[in-house]
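Take a look at the structure below.
The values are calculated or read from the model by the stated rules, or taken from the named source; none is laboratory data. In this text the structure is predicted, and so the values were computed from the model without any measurement. Cβ sites come from the backbone with ideal geometry, for glycine too, and all protein chains shown count toward neighbours.
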Amino acid sequence: MKPARIIVICVAAVAAIGLALVVRAMGSPSKEPTAVATAAPIETRPMAKVLVAAKDLQAGRRLDESDMEWKDWPVDEVNPAFITDGSVPVPGAADAAAPEKADAKPAGAVAAVTRAANNLATGGAKADYVGSVVREPILAGEPIVMRKIVRAGDSGYMAAYLEPGMRAMAIRVTVETAAGGFILPGDRVDVVLTRETNLGNIGASDADRSKFTSATVMQNIKVLAIDQSTRAGDDEQTVIGATATLEVGPRDAEALALAKSEGELSLILRSYADTGGPSGRVAAGPRQSSAVRVYRGGAPEVVVVQ
């Protein structure tokens with residue numbers, strides 16, 4: 001072997017040994033801790049659940065579950081007038097809710113568990129507003145505030161619930177004249193007038209003079225309330241009351257007031273499949289009756305002619 005090649009091989013061997021020693025030294029653990037790069041924590045804003053309109057709501061609409069939804073809202077931007085689920089404390093909300101201290105939600109860990117259990121059982125604050133009536137238009141995604149709705153039982157609820165141009169009028173009812181109590185708020189009814197006919201003094205007996213007639217004076221009328229109940233409970237099938245509040249037009253209210261003075265009014269429950277027809281006074285109105293004395297075999301008989 002030539003000397004030059006031997007020298008090259010020796011130099012390569014020495015270089016390989018040196019490189020191995022350097023790599024070993026770099027891989028050995030050091031007494032000083034190795035600095036580890038960590039990502040800076042991302043600052044997150046606390047969020048609250050705010051009750052907003054799921055779609056455009058017009059004045060007079062009665063709210064149901066599908067009209068409302070919860071929306072995440074930064075806590076520092078929540079107005080005290082907004083309705084929240086109570087899971088996150090909102091600054092200023094306690095002062096805004098001062099008039100409703102009886103319904104105020106407790107704070108703390110125990111209160112959080114209580115609220116969670118109540119929400120599971122009742123649907124939370126959202127369920128408290130089902131059945132409320134919209135007083136002012138609310139746009140989709142807009143927070144629902146108390147000044148724009150009227151809750152059942154609040155002052156002005158009936159006025160907000162009435163359709164534009166309609167009137168609310170109460171009549172006296174009994175179990176017998178209100179379909180045994182099966183007429184509930186929201187049902188449609190016909191109003192029937194039963195009255196005693198005026199036969200005058202035509203020589204008939206008292207039994208002959210005691211004649212009664214019935215006629216439908218109103219048809220397809222909406223029942224707003226029975227007594228002060230504007231809606232039946234979820235499990236209620238009957239509502240017994242002394243008065244029924246009906247939704248009628250201005251002229252219909254005049255006709256109904258006259259019918260109240262003439263005799264007894266009865267409510268006839270209509271089928272849900274039969275509520276699309278005309279509503280209001282019957283075109284002919286209450287028919288006038290007259291009595292005619294008919295002689296049969298020489299014996300007089302009083303006949304009521306409609």
Cβ contacts < 8 Å: first residue in contact (Cβ under 8 Å) with a residue 12 or more places away in the chain and crowded, with 16+ Cβ neighbours inside 10 Å, restricted to the range 131-143; second residue of a type in the set (Phe, Trp, Tyr) and outside any strand (DSSP E or B), any location; separation 6+ or different chain. Result? Val133/Tyr157; Val133/Tyr161
Here the residues within the range 153-184 that are outside any strand (DSSP E or B), small (Gly, Ala, Ser) and under 19 Å from Leu267 (Cβ atoms) are Ala178, Ala179, Gly180, Gly181
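Residues checked against (1) under 22 Å from Glu254 (Cβ atoms); (2) at pLDDT 90 or above; (3) out of contact with any Phe, Trp or Tyr (no Cβ under 8 Å at 6 or more places or on another chain):
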position	(1), (2), (3)
Ala160	no, no, yes
Ala170	yes, yes, yes
Thr174	no, yes, yes
Ala179	no, no, yes
Ile183	no, yes, yes
Val189	yes, yes, yes
Gly203	no, no, yes
Arg209	no, no, yes
